[in-house]
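Shown next, in C-alpha cells, is the structure this report addresses.
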Amino acid sequence: MKVYLDNSATTAMAAEVIEAMSPYFSDEMGNAQSVHSFGQRAKAAVEKARREVAALINAAPAEIVFVSGGTEADNLAVRGIAEAHCDYGRHIITTKVEHPAVLATCESLEGAGYRVTYLPVSRSGLVSIGDVREAISDDTVLISVMLANNETGTIQPIEEIAGLVAEARARGLDHLHFHTDAVQAVGKIPVDVTRLGVDLLSLSGHKIHGPKGIGALYLRKGTRLTKLLYGGHHERDRRAGTENVPGIVGLGRASELARTQLDERMSRMRELRDYLEQEVISRFPDIRVNGDRQQRVPNVSNMSFGGIDGESLLIALDLKGIAVSTGSACASGSLEPSHVLQALGLTRDEVRGSLRFSLGAYTTREEIDYAVSVLVETVDRLRDMIPADEPESAEAGSVVES
Ligand code: PLP
C-alpha cells in the first residue's frame, strides 16, 4: 500500500484539475496576449481562473497577480514593497519561522542596506503581539508574517497584527504594509483578505491539489511595488512574461474546488489527523506534538519521537510505502537542523526525532490505519536498537524545507 502523508511538500492534482488543464496543452494553445481567437480563448480562461482565485480569498480579480509559485509571490511581495517604499524607510519586520522564500529575500535586502527584525516565537510557535508592536518604528515599511507554518501548521494571529498596522497608519505611518505567506493556509482554513486585514498575500497551486509552478500574489488595490521581472506589460504591468495558461487554468479549478469543498475537507482532515495523533500518543505517551495544538491547520501533525533519528524513521516508513517528512522538506541536502523547530526551543534530540505528517483532501481512514500500524512497529523496532548507554543528544539530522 502507498500512503502519501507529505501534502505540505506538495499535493496530487485533483482529477478535475487535470481535466480542466488538458485542452490548454493541445488545441487551446493560444498566447493570452494574441488578438486572434486562439488568444482570446486563452485570455478568457486566464480571467475565469483569476475570478476563481479571487473568490477563494475574497479579493477582487484585479488584485490577483499570477506568478510562478509561492516562492516568487513571497519574493515579489517582500522585495517589491521594500524597494518601492525605501524613501520612507528601510526597516522590515518578519519572524524567525518564515519559509526561506521570505527569510532569504530579507537577508538579501539586509545586504542592500535594509534593517530586518526577525521576531522570536513562543514554545508553541506563536509570535507575540507585544513584540510586533515594539518592533514597529517610523522607518518600518513592511511586516511579513506567515499565516500557517509549513512545518508545524501553527496559525499566527494575523488579524491582531493587522490591528497594529491600522493603529500605526492612523498615527501617520501610511507607508507601512502587511504581507502574509498563506501558502500552507489556503485550502486548509477559511482565508479572507478583508477579514485578515493584509495588503499582500501569497498562495501556491501545488499545495491545494493544483499544478506546480503556478501561484498568485494578492495585492490590495492601490498598493505600489517594484517588479522582479522586466519585459512585456502582462498582469497589468506587475509581472512580465507570457502567461502559463495551463497552470493558471489548473490553479483556478483547484481554487474553485478548495472553496466549494472547504468545510468538508477541513472536517475530514481534522478528524483523520486527530485520530492519527491519538493512536500514536496512546501507544507512545512520551511523544511531543510540536507547535500550537489549537491554533493549527487541520491537516498537519509534527511529532518528536524521543531517542529516534527522524531520518531513519522516514526511510523505514518509505520502505513500507509511507511518505512523510522530517521537519520540512525542500532545501534537500541541507544539513542544517530545522530553523523552525529550533526557534520553538526544542532540544537537538527533539529536532532530530521530529516527523511531519501532512494529510491531503483525499487521505483515507484506511491509509491512516496502515500508517499507524507501520509507524508503531517501526518506532518499537528502532527504539529496541538503541544501545542503553547511547547519549540522546546526537547531531541533528538533515532537514529540508517546504
Ligand atoms: N511558503 C511556504 C510557507 C511554503 O510552505 C512553500 C512551499 O514550499 C513556499 C512558500 C514556496 O512555494 P512554492 O513551492 O510554490 O514556490
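Miscellaneous remarks
- Label-point separation in nm, Ala170 to Thr242, each point 7 Å along Cα→Cβ: 5.1 nm
- In the chain, Cα pairs under 8 Å separated by at least six residues give a relative contact order of 23 percent.
- The protection proxy used here, the mean number of other Cβ atoms lying within 10 Å of each residue, ranks peptides 314-320, 251-257 as follows, highest first: 251-257, 314-320.
- Over segment 205-345, Cα pairs under 8 Å with separation of 6+ residues give a relative contact order of 15 percent.
- Paramagnetic label reach from Arg283 (point 7 Å along Cα→Cβ; backbone nitrogen cut-off under 20 Å): within segment 371-387, residues 371-386.
- Net charge, Ile129 excluded, C-beta distance under 13 Å - Lys, Arg +1, Asp, Glu -1: -4
- Size estimate for the chain follows the Kirkwood approach: the inverse of mean 1/r over distinct Cα pairs works out to 21.8 Å.
- Normalised alpha carbon radius of gyration of segment 28-160 [divisor 2.2 N^0.38 Å]: 1.30
- Bridging of Lys48 to aspartates and glutamates at a Cα separation below 13 Å is possible for Glu256, once same-chain residues fewer than 8 apart are set aside.
- If a spin label sat at a point 7 angstrom from the Cα of Thr260 along the line to its beta carbon, the backbone N atoms of segment 1-38 nearer than 19 Å would be those of 13-23.
- Length gained on full extension, Gln295 to Ala44, computed as 0.36 nm times the residue gap minus the Cα-Cα distance: 86.5 nm.
- Counting only DSSP H runs of at least 4 residues, each contributing -39500 (n - 2.57), and dividing by the residue count of the chain, the helix-based mean residue ellipticity at 222 nm comes to -12500 deg cm²/dmol.
- Translational D in µm²/s for segment 8-78 (Stokes-Einstein at 25 °C, 0.890 mPa s, Kirkwood Rh from C-alpha pairs): 175 µm²/s
- Qualifying lysines (Cα of each under 27 Å from Cα of Lys43; at least 8 residues distant if same chain): Lys207, Lys212, Lys221, Lys227
- For His206, the accessible surface of its heavy atoms amounts to roughly 40 Å² (probe 1.4 Å, protein chains only, rounded to the nearest 10).
- Kirkwood Rh, Cα atoms: Rg over Rh of segment 140-284: 1.03
- Over segment 1-102, relative contact order from alpha-carbon pairs under 8 Å, at least 6 apart, %: 13 percent
- Extreme residue, positive dipole direction of the chain, given options Leu203, Leu359, Ser325 (C-beta unit charges): Leu203
- Among Ala185, Val280, Asn302 the positive-end extreme of the charge dipole of the chain (Cβ point charges): Ala185
- Computed magnitude of the charge dipole of segment 233-334 (debye, nearest 20; Cβ of K, R +1, Cβ of D, E -1): 220 debye
- Dipole size of the chain about its Cα centre, with +1 on Lys/Arg Cβ and -1 on Asp/Glu Cβ: approximately 1240 debye, rounded to the nearest 20.
- Ordered from largest to smallest accessible area (heavy atoms of protein chains, 1.4 Å probe), the residues Tyr362, Tyr88, Tyr118 come out as Tyr88, Tyr362, Tyr118.
- Largest to smallest accessible area among His233, His99 [probe 1.4 Å]: His233, His99
- A 1.4 Å probe run over the chain, with the rest of the protein chains in place, finds 41 Å² accessible per residue.
- Whole-Hz ³J(HN,Hα) from phi, Karplus 6.51 cos²θ - 1.76 cosθ + 1.60, for segment 218-231, glycine and proline x: 7, 10, 3, 3, x, 7, 9, 8, 7, 9, 8, 10, 10, x
- DSSP-defined beta bridges in the chain - what % are antiparallel, rounded to 5: 50 percent
- Dimensions of segment 221-274 based on its C-alpha atoms, expressed as ranges along the principal axes with the largest first, amount to 47, 26, 18 Å.
- By the Stokes-Einstein formula, at 1.567 mPa s and 4 °C, segment 121-160 with its Kirkwood radius over alpha-carbon pairs has D equal to 116 µm²/s.
- Probe 1.4 Å, all protein chains present, accessible-area order of Thr117, Thr260, largest first: Thr260, Thr117
The values are calculated or read from the model by the stated rules, or taken from the named source; none is laboratory data. The structure displayed is predicted, hence computed values, not measured ones. Ideal geometry is used to build each Cβ from the backbone, glycine not excepted, and the neighbour counts take in all protein chains shown. In case anyone asks, the SASA skips ligands and DNA or RNA and just uses the protein heavy atoms, side chains included. Shrake-Rupley method; radii C 1.70, N 1.55, O 1.52, S 1.80 Å.
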